Amino acid sequence: MDPTAAARFTAGAGVDPGALHGFAVSLAGAAVIGWAAWAIDGLYRQWRAESLDGLGLVAGTLRVGVVAMVIFWFLE
C-alpha cells in the first residue's frame with residue numbers, strides 16, 4: 001500500500017493499516033493454536049478411552065502440528 005492510500009485508510013478507518021494487519025494475524029494465530037489444542041485434546045481422549053492406539057495418537061498429533069505450521073506459514 002502506498003503512503004497516500006495508507007493515509008486515506010487511516011483517515012477513514014481511524015487505525016493504521018499495519019496495526020490492523022498485526023491484530024488480524026495475531027487473532028488468526030490464536031485461533032489456530034486453540035484449534036490445535038482442541039484437536040490434540042480430542043486425540044488424547046480417544047487414546048485414554050482405548051479407541052486409539054499410541055501410534056495413532058502420535059500420527060494425529062504430528063498431522064495437527066504440520067497443518068498448524070502450514071497455516072502459520074501462510075499467515076506471515
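Based on C-alpha pairs under 8 angstrom that are at least 6 apart in sequence, the chain has a relative contact order of 29 percent.
Long hydrophobic helices in the chain: the complete DSSP H runs spanning 30 Å or more by Cα along their own axis with mean Kyte-Doolittle hydropathy of at least 0.0 are 17-48, 54-75.
Bear in mind these aren't lab numbers, they're just calculated from the coordinates by the rules spelled out. Predicted, not measured: the structure shown is a model, and the values here were computed from it.
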